[in-house]
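Throughout, read-outs are computed from the coordinates displayed, never taken from laboratory work. All figures in this text were calculated on a predicted structure; none of them were measured in a lab.
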Amino acid sequence: MKDVTQKIFSQQQNEITEYHTYLELSRMAKDEHNRKTLMRIAEQERGHYQFWKKITGKDAQPRQRKIRWHILLAKIFGLSFSLRLLERGETRAQAFYESVTDVYPEAEAIREDEMKHEQELIEILNDERLKYAGAIVLGLNDALVEFTGTLAGLTFAFGNNLIVGTTGLVMGVAASLSMAASGYLASREDDYGETNPITSAIYTGVAYLLTVAFLVFPYLIQSDPYIALTGMLLTTILIIAGYTFYISVAKNISFSRRFWEMALISMGVAAISFGIGTLVKVVFGVDV
């Protein structure tokens, strides 16, 4: 019984924490409908807290660190990302409610509220960052595929990190401008007009340039070409993992399938370029 009481108090604390989190996120929502929906969900969470308080007879303090964490995520990655992570918590809470409904039948109504939250949140998700996800993917994917191959090829062709790094930066700046232009033109052809062409171009170009900068960085901080190549490939994997995690949470899609697809393409191009770079070095006798 003691374990059940502890679980109930823990859930009570979760409810008051989520009440404050939804309330703070509602203040960040620009859309009036979204704001009212989040406030309504927040009030439901407070009602759930009051229900469990009557059972435990104790007050529970919200977890301030969790509240600040979700607010920070919303500011950096958008409201959709933060809400999706919150909704994962709602899914876990349903298992708790199912375990206590035999003892507290009133908890069934709370469980139904939690199930409704997911659909309500899906309906309100309309984040600008997700509108331009395609533009970000365009810049990021092209940079990963092109520059993992380019840098791998240059590494084995020249074997000089300074030349490889500076060449990669120059090519990256030029290519990012080209990609920004492509993003602008692609957005202009959008029949639905959901994205601004200039904003789309900026997202594409910046995503491309930042990706190139991260990939080139290992070549600029030390001299061993093989260590730099390893660092570049590890950076590629980390970038793919980070972005795939963001998209998988924000759009509620499979992480593993998207991750392995991007990783295998990038690594495959790098392997082919490695062979081409080695062939160029042998055939033309390049030695820098």
The pairs in 54/251; 54/116; 58/251; 36/75 lying past 30 Å Cα-Cα in this model are 54/251; 58/251
With θ set to phi - 60°, apply the Karplus curve 6.51 cos²θ - 1.76 cosθ + 1.60 along segment 30-47 and write out the HN-Hα couplings as whole Hz, x wherever there is a Gly or Pro. 7, 6, 5, 4, 4, 4, 5, 5, 5, 5, 5, 5, 4, 5, 5, 5, 5, x
Whole-Hz couplings from phi, Karplus 6.51/-1.76/1.60, listed for segment 241-249; x for Gly and Pro: 5, x, 5, 5, 4, 4, 5, 5, 6
Remind me, what semi-axes does segment 1-99 give for its equivalent ellipsoid, largest first in whole Å, using sqrt of 5 times each Cα gyration tensor eigenvalue? 25, 13, 12
Name the long-range amide H neighbours of residue 63: under 5 Å, sequence gap of 5 or more, or other chain; modelled H, no Pro or chain starts. 17
Rounded to the nearest angstrom and ordered from largest down, what semi-axes does the equivalent ellipsoid of segment 145-269 get from its C-alpha gyration tensor (root of 5λ)? 28, 19, 11
Could you give each residue of segment 142-153 its phi-based ³J(HN,Hα) in whole Hz, using Karplus coefficients 6.51, -1.76, 1.60 with θ = phi - 60°, and x for Gly or Pro? 4, 5, 5, 5, 5, 8, 5, x, 4, 5, 5, x
